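The values are calculated or read from the model by the stated rules, or taken from the named source; none is laboratory data. None of these values were measured; they are calculated from a predicted model. Here the Cβ is made from the backbone with ideal geometry for all residues, glycine too, and neighbour counts use every protein chain on show. Each accessible area value is taken on the protein alone, full model and side chains, heavy atoms only, with ligands, DNA and RNA left out. Shrake-Rupley method; radii C 1.70, N 1.55, O 1.52, S 1.80 Å.
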Amino acid sequence: MATALLITREDLVQITVVGGNVDSDKYLQNIKFAQDAKLRNIIGDDLLDKLEADVIAGSLTGDYLTFVNKYVKNYLTYAAASDYIITAAYDVTNGGVNRYSPDNGTQATVEEINLLTEKTEDKANHYGQAMIKYLDKNKSLFPEYTGSSTDSNFNGWQLDSSYGC
């Protein structure tokens, strides 16, 4: 079964801080996870399944193509990059987990990495909220969208009113 990713390597390196010389094998799983878990929570199963099927069939056009180009790509690039940044300095090989150390640079501190990750997640959340607003205003264009199943800024618990809260 084919897997359709809604962003490309070029999208990731042109829009985010991820460098163009980074091997795409290092962040491909981050793109897939951002799409399968994070984007799916925002736009729902039916709309994501339609977008992926259209990409595979080469039939992504019209309002759906506009939606992907204007909203989905921005969201997915930052969502994938924020996950990649945390693991960028590490390689998992047969010999174990190794930390990359550049010859002509210094390693960022944990605090710097956390700040960069947080700022990148903030950008993803911004684009996620813009995507929800666009979909909510244009539900008639996207019958597969039934409403966001999550608030991308909060992933906590929701208690039924029978709990007395």
Exercise. From the list A57, A34, pick out the single residue that is out of contact with any helix residue (DSSP H, G or I) (no Cβ under 7 Å at 6 or more places or on another chain) and not polar (S, T, N, Q).
Key: A57
Exercise. For K70, indicate whether it is in contact with a Phe, Trp or Tyr (Cβ under 9 Å, 6 or more places away or on another chain), surrounded by fewer than 18 Cβ atoms within 10 Å (Cβ to Cβ) and part of a helix (DSSP H, G or I).
Key: yes
Exercise. Considering only residues that are open to solvent by 50 Å² or more (accessible area, probe 1.4 Å) and in contact with a Leu (Cβ under 8 Å, 6 or more places away or on another chain), look in the stretch 42-66 and name the one that is farthest from L6 (Cα to Cα).
Key: D63
Quiz prompt | the stretch 3-24, residues that are assigned to a loop (DSSP other than H, G, I, E, B), hydrophobic (A, V, I, L, M, F, W, C) and under 16 Å from the mean Cα position of the chain (by Cα) | solution = A4, L5, L6, I7, V17, V18
Quiz item: So, in the stretch 101-118, of the ones that are in contact with a helix residue (DSSP H, G or I) (Cβ under 9 Å, 6 or more places away or on another chain) and open to solvent by 80 Å² or more (accessible area, probe 1.4 Å), which residue ends up modelled with the highest pLDDT?
Solution: E118
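Yes or no, residue by residue, for (1) in a helix (DSSP H, G or I); (2) touching a Phe, Trp or Tyr at 6+ places or on another chain (Cβ under 9 Å); (3) within 23 Å of D25 (Cβ to Cβ):
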{"position": "E52", "(1), (2), (3)": "yes, no, yes"}
{"position": "S59", "(1), (2), (3)": "no, no, no"}
{"position": "A81", "(1), (2), (3)": "yes, yes, yes"}
{"position": "E118", "(1), (2), (3)": "yes, no, no"}
Quiz item: Has the stretch 86-102 got any residue that is at positive phi and part of a helix (DSSP H, G or I)?
Solution: no
